[in-house]
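Written out below as structure tokens is the structure these notes cover.
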Amino acid sequence: MAHCPICTSRTDSRRLGGRFFYCPDCDFHFADLDALPAGGDAAVYDAAYYQRGSSLLDPLIRAFTCWEQKHMLSVVRNCRRVLDIGCGAGFLTQRLQQHGAEAYGVDTSSAAIALAAQKVDPSRLRCGTLAAANFEPDFFDAAIAIHALEHIPDPVAFVTEVRRILKKDGVFLFRIPNFASWEAKVAGDRWYHFDYPFHVSHYSPQAATRLLQTSGFHDVRVNHAAAEYRQTLLYSVLAALKVPLPLWLKIVLLPLQTVFIPLSWLLARLGNSGTIEVVARK
Ligand SMILES: [Zn+2]
């Protein structure tokens, strides 16, 4: 038995090998924290975490990331002071700074902050949780959290803190995996974004919307056209067929991914993309 972190109702529905609870009211999967490997976040997010998947494909992936960040940057283009939550190695923080924003970054990993400090003004970086950073209230015009919420076991406290440090009408934009997507359903716990024990919260668009409304945000919009992680649709099909995916096979399959790009686009148009971008206002 557990309490849903979003709506607090009790649930004893266990899924995904018993490692997650499910709240049917919110359509939200949350990890059984007692079953997580010992050591906690600080132990698992070391320097190696930020170099995971480093490969010959990195320059290509980086170029694609820059292209697909264009929409996100357009959402915050008029925002002066912007916070990058879970900034990791600081690629987006740097991009925001290049676009004229007073860009801040926060991350729980000292390894990540050390990498970010090579790219952006170190005085605007904080190592620790968002709450521990203790920014002034009504400080930011926008806060961005790219693939951070799925790592957080207490999302209401987190989103409430984001709301506290945003100015009135400030923008909160985040991206998360979409656990209601076709590719997630097909692949189950072999899904690219399942990523246990790093990912402890799995949202549907309904769960994300409820989280924001519960925390006092308004004008919630869910965008299914986030052009990122195009490879995951192909990987989900292979996971469903129980095909292992070593790096050499990923490289061999690269041309095949181009076939899946139109399929990803079609699923996004149908409101069923593998990741979603959620935008709301304080
Ligand atoms: Zn709930």
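The values are calculated or read from the model by the stated rules, or taken from the named source; none is laboratory data. Please read these numbers as outputs of a predicted model, since none were measured by experiment. Quick reminder, even Gly has a Cβ in these numbers, built from the backbone with ideal geometry, and neighbours come from all protein chains shown. Ligands, DNA and RNA are excluded from the accessible area calculation, which covers all protein heavy atoms including side chains. Shrake-Rupley method; radii C 1.70, N 1.55, O 1.52, S 1.80 Å.
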Considering each of SER74, SER109 in turn, give the residue that is hydroxyl-bearing (Ser, Thr, Tyr) and crowded, with 21+ Cβ neighbours inside 10 Å. SER109
Taking VAL162 as the residue in question, decide whether it is in contact (Cβ under 8 Å) with a residue 12 or more places away in the chain, open to solvent by less than 20 Å² (accessible area, probe 1.4 Å), more than 21 Å from VAL278 (Cα to Cα) and touching a helix residue (DSSP H, G or I) at 6+ places or on another chain (Cβ under 9 Å). no
Taking the range 216-242 and keeping residues in contact with a Phe, Trp or Tyr (Cβ under 9 Å, 6 or more places away or on another chain) and of a type outside the set (A, V, I, L, M) leaves PHE217, GLU228, TYR229, ARG230, GLN231, THR232, TYR235, SER236
Across (1) open to solvent by 10 Å² or more (accessible area, probe 1.4 Å); (2) assigned to a loop (DSSP other than H, G, I, E, B), HIS193 clears everything bar (1)
Only one of VAL120, VAL82 is part of a strand (DSSP E or B), at pLDDT 90 or above and either crowded, with 20+ Cβ neighbours inside 10 Å or touching a Lys or Arg at 6+ places or on another chain (Cβ under 8 Å) (or both), namely VAL82
Contacts under 6 angstrom Cβ, first residue in the range 11-24 being closer than 12 Å to HIS202 by Cα, partner within 11 Å of the ligand (Cβ to nearest atom) and not in a loop (DSSP other than H, G, I, E, B), 6 or more apart: ARG15/TYR22; PHE20/HIS29; PHE21/ALA2; PHE21/THR11; PHE21/PHE30; TYR22/HIS29; CYS23/THR11
What do you reckon, is PRO155 touching a His at 6+ places or on another chain (Cβ under 6 Å) and open to solvent by less than 10 Å² (accessible area, probe 1.4 Å)? no
Among (1) touching a Leu at 6+ places or on another chain (Cβ under 9 Å); (2) open to solvent by 50 Å² or more (accessible area, probe 1.4 Å); (3) of a type in the set (D, E, K, R); (4) at pLDDT below 95, there is one condition GLU183 misses while meeting the rest; what is its number? (2)
Among the residues in the range 252-263, are any more than 27 Å from LEU73 (Cβ to Cβ) and assigned to a loop (DSSP other than H, G, I, E, B)? yes
Tell me, which residue of the range 198-231 that is closer than 19 Å to HIS151 by Cα and away from the ligand (no atom under 16 Å from the Cβ) is modelled with the lowest pLDDT? TYR229
Of all the residues that make up the range 7-30, how many are near the ligand (Cβ under 7 Å from one of its atoms) and open to solvent by less than 10 Å² (accessible area, probe 1.4 Å)? 3
Check off (1) out of contact with any strand residue (DSSP E or B) (no Cβ under 9 Å at 6 or more places or on another chain); (2) within 28 Å of ASP141 (Cβ to Cβ) for PRO205 and give me the number that stays unchecked. (1)
Would you confirm, using the coordinates I've provided, whether THR8 is part of a helix (DSSP H, G or I), of a type in the set (Val, Ile, Thr) and at pLDDT 85 or above? no
